[in-house]
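**Q** Okay, here's the structure, questions in a sec.
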Amino acid sequence: MPMSSSERISVGVLLERVSGERRVALIPADIKKLISKANFVIESGAGLEAGFDDEAYVDAGARIANLREVLVSSGMVIKVRPPGIDEMPLAGSILVSLGGYDSGLRESLRKRSVIHFALERVPRTTRAQAMDVLSSQASIAGYASVLEGARALGILLPMLTTAAGTIKPARMIALGAGVAGLQAIATARRLGAVVHGFDVRAAARDHVESLGAKFVALDGNIGAGEGAGGYAREQSTDQQARLRRALSTHLATMQLVITTAQIPGHRAPLLIDRETLALMKPGSVIVDLAAETGGNCEVSRSNETITVNGVHVMAPTNLASLVASDASRFFSGNIRALLTYLLEGSGGLHFDPSDLIIGALLAGHSTTSSSAAA
């Protein structure tokens with residue numbers, strides 16, 4: 001049944017405690033825009049790593065408190081990452097965070113009678129676009145992936161001519177023309193690389209070429225086409241194997257490879273195996289943005305760099321935190337849009353499970369037949 005509350009809700013924002021996580025879920029500027037709808041209590045130091053001090057939150061109208069006080073006083077708790085055992089909201093509260101496909105988190109919250117608005121489950125609709133944290137953070141990760149890959153390369157990305165000689169531009173490819181892949185393509189182009197892009201969706205070709213990159217077209221009908229929500233349809237084992245073999249000849253000519261293919265709620269598709277790695281030039285770099293869900297490269301290990309036959313495979317899981325201030329601005333903008341939708345008038349909570357957006361946040365869409373674009 002649809003539910004709502006006319007009582008003004010208190011919203012708590014917690015410090016992120018996962019190692020390397022420097023973002024904050026809400027910044028002072030967005031709290032100032034929302035202060036007429038809710039009371040805000042911020043854990044002390046929550047925004048420091050992203051460049052927002054406690055004083056800025058107080059100036060925006062929020063109250064600063066310790067962790068326990070935030071949890072006790074908040075009907076809704078907002079984080080970037082899922083909470084640890086000591087950060088769990090109290091029974092009857094609402095948690096807004098990532099972690100929508102974490103079965104352990106789901107069970108833990110169920111036992112505590114905590115409602116989870118899982119940010120990964122924001123539907124891909126025009127109405128919900130401003131709430132889509134996955135897209136906003138993927139854009140930053142795509143940008144950062146090229147910078148991290150360039151640092152690991154033993155060559156420069158642009159062509160450079162000096163009295164000592166001429167350096168040819170590096171060759172780069174993004175496997176996946178979603179938000180992260182397109183941002184990686186745009187960034188590598190700005191840095192002067194010769195850039196290529198690949199995606200199994202035919203419509204992605206126009207996006208890749210509009211950025212000045214060359215689209216890699218494979219012989220034959222290898223791929224899956226477009227499925228629900230703009231993702232590629234899930235591929236069979238045989239399709240993935242044929243795709244890897246067809247891509248391997250192209251990857252052998254590249255010095256920087258960014259992979260972005262993920263399947264919501266499932267393991268990421270395998271795009272680069274050891275056989276392909278053996279064909280690549282020593283010194284080449286792969287940045288695997290799908291490491292957190294298993295990786296697009298066979299040897300990827302989360303937050304490690306593995307070297308195979310001289311090819312460096314990087315598997316960072318938190319690139320957005322390298323640009324914590326702007327990543328937080330984007331994330332917070334998404335949360336502001338969501339809270340604006342959820343908080344009625346002066347702060348009553350709009351809670352209707354039959355609503356398309358709220359229903360998706362609570363229960364999620366079926367993901368058995370859709371996958372991220374490879």
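The values are calculated or read from the model by the stated rules, or taken from the named source; none is laboratory data. Note that the coordinates shown come from a computational prediction; the quantities given were computed from them, not determined experimentally. Every residue, glycine among them, receives a Cβ derived from its backbone with ideal geometry; neighbour counts consider all protein chains shown. All accessible areas refer to the heavy atoms of the entire protein, side chains included, with ligands and DNA or RNA removed. Shrake-Rupley method; radii C 1.70, N 1.55, O 1.52, S 1.80 Å.
**Q** Net charge near Leu15: determine it from the other residues with C-beta under 14 Å of the C-beta of Leu15, scoring Lys and Arg +1 and Asp and Glu -1.
**A** Combined, the nearby Lys, Arg, Asp and Glu give -3.
**Q** With n ≥ 4 as the cut-off for DSSP H runs, can you work out [θ] at 222 nm for the chain, using -39500 (n - 2.57) per run divided by the number of residues, rounded to the nearest 500?
**A** -9500 deg cm²/dmol
**Q** Now for a different question. Only Cα pairs under 8 Å and at least 6 apart count here; give the relative contact order of region 6-100 as a rounded whole percent. Spell out each step's value before the answer.
**A** Numbers: 181 pairs, mean separation 30.4, N = 95.
32 percent.
**Q** I would also like to ask the following. Taking a cut-off of 24 Å between Cα atoms, list the lysines near Lys168, but don't count ones fewer than 8 places away on the same chain.
**A** The reachable lysines, counting only those whose Cα sits under 24 Å from Lys168, are Lys214, Lys281.
**Q** What does the net charge come to around Leu153 if you take all other residues with beta carbon closer than 14 Å to its beta carbon, with K and R at +1 and D and E at -1?
**A** Working: positive: Arg151, Lys168, Arg171, Lys281; negative: Glu148.
Net charge around Leu153: +3.
**Q** Over the chain, average the accessible area per residue using a 1.4 Å probe and give it in Å², no decimals.
**A** Numbers: 16110 Å² over 374 residues.
Counting only protein heavy atoms, the per-residue value for the chain is 43 Å².
**Q** Round to a whole angstrom and tell me the spacing of the C-alpha centers of region 137-209 and region 1-60.
**A** Each part reduced to its Cα centre gives a spacing of 35 Å.
**Q** Separate question: I need the peptides 125-131, 68-74 ranked by packing, meaning the mean over residues of other C-beta atoms within 10 angstrom, with the highest value on top.
**A** 68-74, 125-131
**Q** Can I ask one more? Run the reach check for Lys32 against lysines, Cα to Cα strictly under 22 Å, same-chain hits fewer than 8 apart removed. What comes back?
**A** Lys79
**Q** I need the P(r) histogram for region 140-226: all alpha carbon pairs, bin width 5 Å from 0 out to the longest distance, whole percents.
**A** That works out to 3, 15, 24, 21, 15, 10, 7, 3, 1, 0, in percent per bin.
**Q** Taking Cα atoms of region 69-225, Rg/Rh with Kirkwood Rh, to two decimals?
**A** Result: Rg/Rh = 1.15.
**Q** Tell me, what does the Kirkwood hydrodynamic radius of the chain come to in angstroms if you use every pair of distinct C-alpha atoms?
**A** Result for the chain stands at 21.7 Å.
**Q** Still on this structure, I have one more. What part of the accessible area of the chain, given as a whole %, is carbon or sulfur when the probe is 1.4 angstrom?
**A** 52
**Q** Here is a follow-up. With contacts defined as alpha carbon pairs under 8 Å and 6 or more residues apart, what's the relative contact order of the chain in percent?
**A** Dividing the mean separation by the residue count of the chain yields 21 percent.
**Q** Separate question: Work through the residues other than Ile272 whose Cβ is under 11 Å from its Cβ and net out their charges, Lys, Arg +1 and Asp, Glu -1. Please report the intermediate quantities before stating the final value.
**A** Values: positive: Arg244, Arg274; negative: Asp273, Glu275, Asp288, Glu298.
Here the count lands on -2.
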